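Participant: One structure, as C-alpha cells, below. Some questions next.
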Amino acid sequence: MDLKKHIRSIPNYPKKGILFRDITTLIKNSEAFKYTNDKIVEIAKKIEFDKIAAIESRGFVFASTISYLLNKPFILLRKKNKLPADVHSVDFELEYGKATIEVHKDSIQKNEKILVIDDLIATGGTAEAAAKLIEISDGKVAGFIFVINLFDLPGNNLLKKKGYKTESLIEFPGH
C-alpha cells in the first residue's frame, strides 16, 4: 500500500512557510490505518524494549494501538500541565515556537528501554525532548519509530548523530 496517497498536505499551516503533513486522512481510512499499525509492529518486533512512549497528541493514535498489540505498557509524554502527578519536564523549540513536554516521574524505572512512537519527525526538537525526558527518568531510549520522516529537515539526522535508532514508514519533503 502506498501510504503517501493517504497523507493530506496543507500549505502554510499552522503558520506561513510550513507544509503540514496531515495524518487524519490516513487514520480515517481503516485499511490504511491497519496497514500503518501492522508496519510499525513489524519494526517494533525487531527492537528490544520494555515500554512504549508517545508524544502528544498524534503519537498517541499509533502508540496506543501498538502497545495493545504487543502487550507493552504505554507512557504518555504530554504538554505542560496535563499530567496530575509529579513530573519531569523538558523545554524545547518547535518550527513555530517553544513548548514543554512532561512525563510522570513514576512512569519509567531505572534502565528500562523505551520505544518512542510518533506520527512525524521534522526538526527533531520534540523527539529530542522526549529522549531527554526518558534519560532524566533513568530510562534508555530503545529507538524511535515515525510514520513520516520529513527528509529535508534535520530531525532524523539529529537523532542519529546523537546515537538514537530511528525508523520511518514513509518520507516526504518538509517544504
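The values are calculated or read from the model by the stated rules, or taken from the named source; none is laboratory data. As the structure is a prediction and not an experimental result, all values here were calculated from the model. Quick reminder, even Gly has a Cβ in these numbers, built from the backbone with ideal geometry, and neighbours come from all protein chains shown.
Participant: Among (1) in contact with a Ser or Thr (Cβ under 6 Å, 6 or more places away or on another chain); (2) modelled with pLDDT of 95 or more, which single condition is Leu69 missing?
Facilitator: For Leu69, the failing item is (1).
Participant: Shifting gears a bit: Just checking, does the range 60-73 include any residue being free of Cβ contacts under 8 Å to residues at least 40 places away in the same chain and more than 20 Å from Val116 (Cα to Cα)?
Facilitator: No, the range 60-73 contains no residue that is free of Cβ contacts under 8 Å to residues at least 40 places away in the same chain and more than 20 Å from Val116 (Cα to Cα).
Participant: To continue, here is another question. Run Ile114 past the list (1) surrounded by fewer than 19 Cβ atoms within 10 Å (Cβ to Cβ); (2) out of contact with any Asp or Glu (no Cβ under 6 Å at 6 or more places or on another chain) and report the number of the one that doesn't hold.
Facilitator: Of (1) surrounded by fewer than 19 Cβ atoms within 10 Å (Cβ to Cβ); (2) out of contact with any Asp or Glu (no Cβ under 6 Å at 6 or more places or on another chain), only one is false for Ile114: (1).
Participant: While we're here: Only one of (1) surrounded by 15 or more Cβ atoms within 10 Å (Cβ to Cβ); (2) at pLDDT 95 or above; (3) closer than 18 Å to Val141 by Cβ; (4) not aromatic (Phe, Trp, Tyr) fails for Ile55. Which number is that?
Facilitator: Going through (1) surrounded by 15 or more Cβ atoms within 10 Å (Cβ to Cβ); (2) at pLDDT 95 or above; (3) closer than 18 Å to Val141 by Cβ; (4) not aromatic (Phe, Trp, Tyr) one by one, Ile55 breaks only (2).
Participant: Moving on to the next point. Within the range 58-94, track down each residue that is closer than 22 Å to Leu158 by Cβ and surrounded by fewer than 16 Cβ atoms within 10 Å (Cβ to Cβ).
Facilitator: Residues satisfying the conditions are Lys79, Ser89, Asp91, Glu93, Leu94.
Participant: From the set of residues in the range 22-59 that are touching a residue at least 24 places away in the same chain (Cβ under 8 Å) and of a type in the set (Phe, Trp, Tyr), which is nearest to Leu94 (Cα to Cα)?
Facilitator: In this case the residue turns out to be Phe49.
Participant: Can Ile47 be described as within 21 Å of Ala130 (Cα to Cα), touching a helix residue (DSSP H, G or I) at 6+ places or on another chain (Cβ under 7 Å), at pLDDT 95 or above and not in a strand (DSSP E or B)?
Facilitator: no
Participant: Based on what the data block shows, is Lys45 over 24 Å from Pro173 (Cα atoms), surrounded by 14 or more Cβ atoms within 10 Å (Cβ to Cβ) and of a type in the set (Lys, Arg)?
Facilitator: no
Participant: Would you mention how many residues in the range 50-59 are assigned to a strand (DSSP E or B) and either closer than 14 Å to Lys113 by Cβ or among the polar types (S, T, N, Q) (or both)?
Facilitator: 3
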